[in-house]
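See structure below.
The values are calculated or read from the model by the stated rules, or taken from the named source; none is laboratory data. Note that the coordinates shown come from a computational prediction; the quantities given were computed from them, not determined experimentally. When we count neighbours, we look across all protein chains shown, and the Cβ atoms used for this are built from the backbone with ideal geometry, even at glycine. With ligands, DNA and RNA removed, areas are computed over all heavy atoms of the protein, side chains included. Shrake-Rupley method; radii C 1.70, N 1.55, O 1.52, S 1.80 Å.
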Amino acid sequence: MATAVHGKTILLIIGGGIAAFKALELVRELRRAGAHVLPVLTENGARFVTPLSLGALAGEKVRSSLWDLEDEAAMGHIQLSRAADLIVVCPATADLLARAATGQANDLASTILLATDTPVLMVPAMNVRMWLHPATQRNLATLRGDGVTVMTPDEGEMACGEFGPGRLPEVPAIMAAIAAQFGDKPLAGRHALVTAGPTHEPIDPVRFIGNHSSGKQGFAIAAALAGLGAKVTLVAGPVHLPTPVGVSRIDVITARDMAAACEAALPADIAVMVAAVADWHVATAGQKLKKGGGAPPALTMVENPDILAGIGHHAQRPALVVGFAAETEDLLANAAAKRARKGADWIVANDVSQGVFGADATHVHFVSAAGPEDWGASPKQAVAERLAKRIADHFSP
Ligand code: C5P
């Protein structure tokens with residue numbers, strides 16, 4: 001996907017935040033992928049990265065001021081705003097989002113954003129309170145309404161010591177979002193339903209049965225399908241992952257909620273069921289269980305709906321149904337049997353005996369009617385892109 005940026009000109013606006021230093025890594029990756037980078041550094045951005053290091057990495061003059069006569073002579077801000085195939089704002093601070101959302105033009109960066117007719121991708125990074133503030137959320141909605149693509153920040157510990165959403169997304173995710181702006185859209189007009197993450201089945205009001213699924217693989221697949229132009233509905237179990245650009249997300253907790261959300265999302269052309277769904281729920285999860293000195297409580301388990309099998313045999317079955325299989329033994333035989341039993345076209349089989357849950361890398365076998373293919377060891381992101389490409393080829397070979 002990253003090759004989609006080859007030969008493209010990216011105007012990169014770097015705002016003033018602690019994450020600005022990561023923009024240098026982005027410049028390096030963009031150039032490695034064959035892009036031409038025009039760097040614009042805001043006054044506050046220059047407090048975090050120097051024009052010297054930015055200019056050296058970009059191999060271009062760094063522009064900062066509206067009033068630099070030399071720049072005006074060489075390329076005025078209006079031409080500059082039209083010179084790129086894509087404008088990327090990284091990091092997009094709360095202040096830059098606010099100024100862009102209200103159409104201000106009081107420095108070079110905001111003037112370019114107001115004057116441009118080029119697509120804009122914003123990559124926000126800020127303190128969690130600033131991100132969650134209703135004013136920032138309003139600005140976000142305004143910008144998205146204006147057609148700007150705004151990535152969702154990552155969640156985690158922040159430079160300021162607080163915890164929550166607001167961290168700059170990782171550079172590979174930013175690269176994927178940039179590539180998605182340029183790539184072919186072979187899945188345009190197709191609706192894809194993707195499940196991801198674990199489910200939590202309550203034992204009582206304070207306890208649950210869960211599993212170690214991180215949701216990374218399913219989220220990466222949702223992102224890759226959206227990147228190829230599909231309309232994606234992502235039904236996610238309880239995970240802490242940002243919603244990929246262009247994906248509609250429905251959060252659920254239990255397998256039964258997930259089944260209902262999938263049913264409500266039909267019709268779809270494509271279903272990719274990646275979630276690690278609990279096979280059973282507890283029959284009576286009413287009051288909190290207490291130690292009473294007697295025998296430990298017995299839990300009565302009831303089987304959950306098999307969402308993949310339900311979709312695979314549905315009256316409104318999507319044209320292409322893909323399941324995942326996590327196995328610790330007889331990987332290929334179990335995957336082939338699962339494919340037939342659940343009415344899936346393809347099964348992506350994972351050997352989970354070596355700790356795939358939560359990891360960034362995996363080793364999958366792709367099982368179709370034609371038999372198994374070993375896709376080797378690779379990052380989950382690469383599996384997602386390969387599977388999305390395969391899905392696109394299935395619809396337009
Ligand atoms: O039977 P098993 O859990 O190994 O099957 C895995 C596949 O079935 C995955 O694609 C998973 O998302 C799906 N599944 C489901 N609903 C269940 C159990 C599994 O959709 N209740």
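In terms of packing, defined here as the mean over residues of other Cβ atoms within 10 angstrom, the peptides 192-200, 325-333, 230-238 line up highest first as 192-200, 230-238, 325-333. Look at the dipole of the chain built from charges on Cβ: of V27, A326, I209, the Cα furthest out on the positive end belongs to I209. Figure note: K338, K389, K380 ranked by solvent-accessible area, largest first, 1.4 Å probe, ligands and nucleic acids not counted: K389, K338, K380. Working from the Cα coordinates of the stretch 1-95, the gyration tensor eigenvalues give, after taking √(5λ), semi-axes of 19, 17, 12 Å in decreasing order.
An ellipsoid equivalent to the chain, defined through the eigenvalues of its Cα gyration tensor, has semi-axes of 43, 25, 18 Å when rounded to whole angstrom and sorted largest first.
Checking the cross-link pairs K231/K389; K185/K380; K22/K185; K342/K380; K216/K380 against a 19 Å limit on the alpha carbon distance flags K185/K380; K22/K185; K342/K380 as lying beyond it. Tilt of helix 331-342 relative to the longest C-alpha principal axis of the chain, in degrees (0 to 90, nearest 10)? That helix lies at roughly 80 degrees to the long axis. Working note: 222 nm ellipticity from helices only, DSSP H runs with n ≥ 4, each -39,500 (n - 2.57), summed and divided by the residues of the chain, gives -10000 deg cm²/dmol to the nearest 500. Once the 1.4 Å probe is applied to the protein heavy atoms, the chain comes out at 46 Å² accessible per residue. Using all alpha carbons of the stretch 191-395, what is the percent of pairwise distances in each 10 Å bin, ordered from the shortest bin to the longest? Taking all Cα pairs of the stretch 191-395, the binned fractions are 9, 35, 36, 14, 5, 1, 0 percent.
Between E373 and A105, the modelled labels are 5.1 nm apart [label points 7 Å from Cα along Cα→Cβ]. What's the angle, to the nearest 10 degrees (0 to 90), between helix 255-265's Cα axis and the longest principal axis of the chain? The angle comes out near 60 degrees.
Rounded to the nearest Å, what's the spacing between the alpha carbon centres of the stretch 91-108 and the stretch 319-397? Just the number, please. Using only Cα atoms, the two centres lie 44 Å from each other. Sorting the segments 5-18, 121-134 by their mean number of nearby beta carbons within 10 angstrom, highest to lowest, gives 5-18, 121-134.
Taking N as the residue count of the stretch 2-182, its C-alpha radius of gyration divided by 2.2 N^0.38 Å amounts to 0.95.
For the pair R144 and Q79, the difference between a 0.36 nm per residue extended length and the Cα-Cα distance amounts to 21.0 nm.
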